[in-house]
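Asker: This is the structure I have questions about; it appears just below.
Derivation of every value follows stated rules applied to the coordinates shown; laboratory data play no part. Since this is a predicted model, take the numbers as computed values, not measurements. So basically every Cβ, Gly included, is an ideal-geometry build from the backbone, and we count neighbours across all protein chains shown.
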Amino acid sequence: MAIPTSIKIEIESTIGGKIQSSSPLGGGCIHNAQQLNTSQGTFFIKYNQTHHQSNFMAEMKGLQLLDQSRQVRVPKIISIGATESYAWLLLEFIEQGRAARDYWEYFGYELARLHQQTQPDFGLDHANFIGALPQQNHFHEKWLDFFIRERIRPMVKMAVDKRELGRSTAGYFEHLFTKLDNFFPEEPPALLHGDLWGGNILRGENGYPVLIDPAVYYGHREMELAFMTLFDRQPQAFYDAYQEIYPLEPGFRERFDVYNLYPLLVHVNLFGGGYVHSVEQVLRRYI
């Protein structure tokens, strides 16, 4: 699919050069994603209809927050804009290379230092998105309050409204909440990528991680580490490096399933199907 003419005109004006060719890229399940080869170099663009501009604005803010931490690499932001029909986000194109020999140790150190970035309360000063779904980030002093009110209850309500989740299952969540008073270790809010699964971690040309598609907020750092294990597995070298910088409380792996109720509910609302069974399995285990 050729890039729309209205976007092409705007991009060429921004970069001061001509788009010579474009090619679609995989993974663009929400937005159109393309590699742009231009007289000024290679860029990455994602675009969609104009009403998606808020998605791109939130992504840009997330990338800026991660970049400002100076702890992880993200693609450079080139421009963001909208025409009458389309909105877009233009980024640095990441040439992917082979993983460096110390890739996982390096990433463990990086992520630990990112998680040491903090603020007084859990949350963020603006809402954003997790995939295609809205994600609220109202501030809370306590992690448990944030986890229940900003993460689990909104997704449960959405799933019930869409008839993906039964009301009886929704009631089990309220039962679970009564068991969580001393479940999570008390820790300061940590700056999180927020959607850190394998598809959002690229290997840059130097063989080290580049993070994309954030859903940033300040949360409990175990939430991020749990999310990473939902679809992928990290070698022990990653955890050893992470713990060297920012040691975890004992038993962190035993808490992962409860944290992962959030991304599982996100997937229930996006895809339904077997994710409902996965949610119910976790609930049975804890209640």
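Asker: Tell me the angle of helix 261-271 to the major Cα principal axis of the chain, expressed in degrees between 0 and 90 and rounded to the nearest ten.
Answerer: Between helix and principal axis, roughly 50 degrees.
Asker: Which one of HIS193, GLY81, ALA241 has its Cα pushed farthest toward the positive end of the charge dipole of the chain, where Lys and Arg give +1 and Asp and Glu give -1 at the Cβ?
Answerer: Among HIS193, GLY81, ALA241, the one farthest towards the positive end of the dipole of the chain is GLY81.
Asker: What do you get for the angle between helix 103-115 and the principal long axis of the chain? Use alpha-carbon atoms, 0 to 90 degrees, nearest ten.
Answerer: 70
Asker: Label points 7 Å out from Cα along the Cβ direction at GLN96 and TYR239: separation in nm?
Answerer: 2.7
Asker: Report the charge-dipole magnitude of the stretch 103-286 in Debye, nearest 20, computed about the Cα centre from +1 at each Lys and Arg Cβ and -1 at each Asp and Glu Cβ.
Answerer: For this selection, approximately 740 debye.
Asker: Relative to the longest principal Cα axis of the chain, at what angle does helix 221-231 sit, 0 to 90 degrees, rounded to 10?
Answerer: That helix lies at roughly 70 degrees to the long axis.
Asker: Sequence neighbours fewer than 8 away in the same chain don't count; with that in mind, list the lysines whose C-alpha is under 26 Å from LYS61.
Answerer: Counting by Cα, and skipping residues close in sequence, LYS61 has these lysines nearby: LYS8, LYS46, LYS76, LYS142.
Asker: Something else now. Ignoring everything except DSSP H segments at least 4 long, calculate the 222 nm mean residue ellipticity for the chain; use -39,500 (n - 2.57) per segment, divide by total residues, nearest 500.
Answerer: Only helices count here, giving -12500 deg cm²/dmol.
Asker: Using modelled backbone amide H atoms (1.01 Å from N, in-plane), which distant-in-sequence or interchain residues come within less than 5 Å of GLN135's amide H?
Answerer: Hits under the 5 Å cutoff: ASN128, PHE129, ILE130.
Asker: With a cut-off of 19 Å, note down the residues of the stretch 123-154 whose backbone N falls inside the zone around a label point 7 Å from the Cα of LYS179 toward its beta carbon.
Answerer: 144-145, 147-149, 152-153
Asker: Quick one: grab the alpha carbon gyration tensor of the stretch 25-143, order the square roots of its eigenvalues as a ≥ b ≥ c, and give me rounded if a/c is under 1.5, else prolate or oblate depending on whether a/b is larger than b/c.
Answerer: Oblate is the answer for the stretch 25-143, as a/c is 1.5 or above yet b/c matches or exceeds a/b.
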